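For reference, the structure is listed below as structure tokens.
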Amino acid sequence: MKLVRLRAPGGLDKLDLVEEDQPRPGPGEMLVRIRACALNMRDDFAVQGKVPLADGRVPLSDGAGEVIAIGDGVDTFKPGDSVVSVFYPWWLAGDMRSDTSRDIPGDSFDGFASEYVCMPAQAFAKAPAGYTHLEAATLTCTGVTAWRGLVTCGKVKPGDTVLILGTGSVSLFALQFAKAAGARVIATSSDEEKLEKLRRLGADSVINYKAVPEWGGRAKELTDGRGVDHVIEVGGPATLAQSITACRTGGHIALIGVLTGFAAEVSIPALFSNQIRISGISIGSKADQQEMIRAIEVNRLKPVIDSSFPLQDIAAAFRHYEAQRHFGKVCLEL
């Protein structure tokens, strides 16, 4: 089988396409033929060497394909099933704990940039009915993150107003989930072409944050001064203050991203006086993922995919991702 291994300390020139023997499933494990993978920011950090990995690690946390063989004791899947990876294989449900978030594919153990993988059955969920492998591969990280931030923790309901920041994949999934829930969506971008794409995806109002630097106040104006119910906060330090401004009294901020850094000054009085709730979101559990998949099937949602590359062009895929001109997921097809 063909796979990619990353030589320490990382770099796009350290991604090696190699051939190795196909693994065999042991008790509780499955052999899965991976057909597609999706790229995420943490994968980019990993291949660049910003996250230290063991020498020779197989990268990528998001993969989808079909079950080829099962080991003894596996009764939840059968050969031929279409499956998608789970980001935290040991976080099955409930709140995250240190012991359930200890292992991540492509990080603490080999990931999905490989034609075949052999992993515990609990490292997978059944893919949505009617999804291609390419579509299913987009769900593991960004789809579940948007779902947990907006639905599991946010408790979005019909009539709510959701503010999404930018056009990253978490924001695009959040837009789709919000509309499926009967919510109104306000979306931001600095690119007029992308703002038009957001409208076509269902955004009710859009704001060019370069033209309107005080976009938090503008979002509040669009709700007749009440404020938004939810913010999908992916920016971090440079955007958090505006997100707080945009929120209604008792509103919810799903704190997800660090696109602008890792530390910020926050107005504590603005939070407690307005009873704003902030939830730190780190992907989600397998139960979150399965609930999301059920909602996707009922609402017939499809992910936004920008482009796909063959496995041997993984470095080119990351260069395209790093250029930040994409709209939707950047993927690999194996």
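The values are calculated or read from the model by the stated rules, or taken from the named source; none is laboratory data. It should be emphasised that the depicted structure is a prediction, and the values quoted were computed from it without experimental measurement. Here Cβ is always computed from backbone atoms with ideal geometry, including for glycine, and neighbour counts include all displayed protein chains. Please note that ligands, DNA and RNA were not included when accessible areas were found on the heavy atoms of the full protein model with its side chains. Shrake-Rupley method; radii C 1.70, N 1.55, O 1.52, S 1.80 Å.
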Within the stretch 87-115, considering residues that are open to solvent by 50 Å² or more (accessible area, probe 1.4 Å) and of a type in the set (Phe, Trp, Tyr), the one nearest to Leu334 (Cα to Cα): Phe109
Since Ala254 meets every condition but one in (1) open to solvent by 10 Å² or more (accessible area, probe 1.4 Å); (2) more than 30 Å from Leu17 (Cβ to Cβ), which condition does it not meet? (1)
For the stretch 263-294: of the residues being buried (at least 17 other Cβ atoms within 10 Å of the Cβ), outside any loop (DSSP other than H, G, I, E, B) and hydrophobic (A, V, I, L, M, F, W, C), which is farthest from the chain's Cα centre (by Cα)? Ile278
Among (1) out of contact with any helix residue (DSSP H, G or I) (no Cβ under 9 Å at 6 or more places or on another chain); (2) surrounded by fewer than 23 Cβ atoms within 10 Å (Cβ to Cβ), which single condition is Ser205 missing? (1)
Answer yes or no: is there a residue in the stretch 221-236 that is in a helix (DSSP H, G or I) and within 24 Å of the chain's Cα centre (by Cα). no
Using the structure shown, decide if Arg7 is without any contact (Cβ under 8 Å) to a residue 60 or more places away in the chain and touching an Asp or Glu at 6+ places or on another chain (Cβ under 7 Å). yes
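Being among the β-branched types (Val, Ile, Thr), touching a residue at least 40 places away in the same chain (Cβ under 8 Å) and over 27 Å from Arg148 (Cα atoms) narrows it down to one of Ile70, Ile34, so name that one. Write out each step before concluding.
Numbers: Ile34 fails: over 27 Å from Arg148 (Cα atoms).
Selected residue: Ile70, the only one of Ile70, Ile34 that is among the β-branched types (Val, Ile, Thr), touching a residue at least 40 places away in the same chain (Cβ under 8 Å) and over 27 Å from Arg148 (Cα atoms).
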